[in-house]
Structure formats: structure tokens, C-alpha cells
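Everything on this sheet refers to the single structure shown next.
The values are calculated or read from the model by the stated rules, or taken from the named source; none is laboratory data. Bear in mind that the values here come from a model prediction, so they are computed numbers and not experimental data. Here the Cβ positions follow ideal geometry from the backbone for every residue, glycine too, while neighbour counts run over all protein chains shown.
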Amino acid sequence: MSTKYNGWSNYETWNANLWIDNDWRMCEHIAMITADLFSSYGDMDTVTQLLAERISDMFYDVMPDLEPSFYSDVLNASMREVNWREIAKHYAEAEESYRETEGE
């Protein structure tokens, strides 16, 4: 059962975001995607939804393909618990704040 963890909705979401923050390439890539989505769509809800899908795809694309086992069940269960929209909102709000500061 997932509960709040370090300001995030659960451990799995916090952990996924931690991995993003600790990988500067991924972090920069997500920031660029976020900026592009804001330029194309402009509204927070659309940007957040599309960004959540992109971030989720980034993780699922590199997830190992495990044979059915206890370990694959645990990995899949953990991935289902990640709140991709919460992570996307974090990056969308940062981009929105940057744009307000920079006057875009």
C-alpha cells in the first residue's frame, strides 16, 4: 500500500522523480519537452497530461523485459504506482514559473 513519501504521493513516484533529478540528461530532456509543449499548447492541463505520457513512455521504454516471476510482478506493480501526472505537474509548474520570471 502506497502512502505519502517525502512530499510526493508515494514512494514509487518520489523514487522515479529522484532518478530523473539525478540524471542530468533526462532532466534536461524533460525540461526541453516541457518547454516545447508549453509553446505548442500553452495550457497547464494539456501540457501536464501530454508530459505525463511522455515521461511514462521514457521509463517503460527502458524497463527490462523480465520473464514472468515474482520480480517481474514486483517491478510491474511498482511501475503502476508511479503517479506520472504528479511528476509532469512538477516540471510543468517549474516551466510556468520560469516563463513568468522571464516574461515569455
(request) For the stretch 61-104, enumerate the residues that are closer than 30 Å to Ser39 by Cβ, of a type in the set (Ser, Thr, Tyr) and in contact with a Leu (Cβ under 9 Å, 6 or more places away or on another chain). (result) Tyr91
(request) Could you tell me whether the stretch 65-82 includes any residue that is farther than 22 Å from Lys4 by Cβ and of a type in the set (Val, Ile, Thr)? (result) no
(request) Could you please find all residues in the stretch 49-83 being hydrophobic (A, V, I, L, M, F, W, C), surrounded by 18 or more Cβ atoms within 10 Å (Cβ to Cβ) and in contact (Cβ under 8 Å) with a residue 60 or more places away in the chain? (result) Val82
(message) Quick check on the stretch 18-43: of everything there that is surrounded by 12 or more Cβ atoms within 10 Å (Cβ to Cβ) and either among the aliphatic types (A, V, I, L, M) or touching a His at 6+ places or on another chain (Cβ under 7 Å) (or both), which residue is farthest from Glu95 (Cα to Cα)?
(response) Leu18
(request) Consider only pairs whose beta carbons are under 6 Å apart and that are at least six residues apart or on different chains; among these, list those whose first residue lies in the stretch 1-27 and is closer than 13 Å to Ile87 by Cβ and at pLDDT 95 or above and whose second residue is among the small types (Gly, Ala, Ser) and in a helix (DSSP H, G or I). (result) Glu12/Ser78
